[in-house]
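This report refers to the structure that appears directly beneath it.
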Amino acid sequence: MTGWRKINYDFLKSLTISGKVLDLGCGRKEFMHLYGDTVTTVDIDPAYEPDIVADLNEPLTFSGQYDWVILNNVLEHIYDARRLIKESHGLLTAGGKLVILVPFMIKIHQDIDHHRYTNQSLERMLREAGFSEVSISPEGTLGDIYKTIRNDIFGLVPRYLRPLKWISYAPRVSHPAYPWGYHVVAIK
């Protein structure tokens, strides 16, 4: 498990997720055991065997009422994130929660990787969609970002930059100006 995924796992594990859960963009369902017993999964790839096969870049064609909607490393792949956030709001029960885990300082990945978001843009989209409470926490450290870059270009780092590896051992203190990504909980 990558460092970013480990941080996401720990965050999801810290939440008490129960009731009806909708996992939008479930992928390999690696964290599904954290979501309780009543989970509906959605993904574009039928190979992942989701309950609903759907392209989240298109308007949703299903309905329902859920206590939780999860977007785990999905939002960066959505061209019109405002639409998906608004549709997620409509799928939640009163007091329901939308959880977003989204990278920021991580390399462009997969074929479709449209956006990187700041905490300000995330909050604005969520407020405009009608969420009453929004909690956004920047995650990761400069060391995490350094390790990600180092791992991606291992062997290509010039010798004069190698002494910077000490950064990866720095204390785990986040800096809001240099997030690895964000964890968001928004309440309807």
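The values are calculated or read from the model by the stated rules, or taken from the named source; none is laboratory data. Quantities reported herein were computed from a predicted structural model and do not represent experimental measurements. Using ideal geometry, Cβ is built from the backbone for each residue, glycine included, and neighbour counts are taken over all protein chains shown.
Give me the pairs, please: first residue somewhere in region 27-54 and closer than 20 Å to residue 75 by Cβ, second residue anywhere and surrounded by 15 or more Cβ atoms within 10 Å (Cβ to Cβ) and of a type in the set (S, T, N, Q), beta-carbon distance under 6 Å, and either six or more positions apart or on two chains.
50/41
Can you name the condition, by its number, that residue 27 falls short on among (1) in contact with a helix residue (DSSP H, G or I) (Cβ under 7 Å, 6 or more places away or on another chain); (2) closer than 20 Å to residue 138 by Cα?
(2)
So residue 27 clears everything in (1) over 26 Å from residue 129 (Cα atoms); (2) surrounded by 15 or more Cβ atoms within 10 Å (Cβ to Cβ) except one condition, right? Which one?
Result: residue 27 passes all but (1).
Sort through 126, 92, 98, 56 and tell me the only one that's in contact with a Ser or Thr (Cβ under 8 Å, 6 or more places away or on another chain) and modelled with pLDDT of 95 or more.
The conditions single out 98.
Find the strands (runs of 3 or more DSSP E) located wholly in region 1-83 whose residues include 3 or more that are under 15 Å from the mean Cα position of the chain (by Cα), and list them.
Those strands (runs of 3 or more DSSP E) span 20-24, 66-72.
Working only within region 84-108, note down all residues that are within 15 Å of the chain's Cα centre (by Cα) and either under 15 Å from residue 182 (Cβ atoms) or exposed (fewer than 14 other Cβ atoms within 10 Å of the Cβ) (or both).
Those that are within 15 Å of the chain's Cα centre (by Cα) and either under 15 Å from residue 182 (Cβ atoms) or exposed (fewer than 14 other Cβ atoms within 10 Å of the Cβ) (or both): 85, 98, 99, 100, 101, 102, 103, 104, 105, 106, 107, 108.
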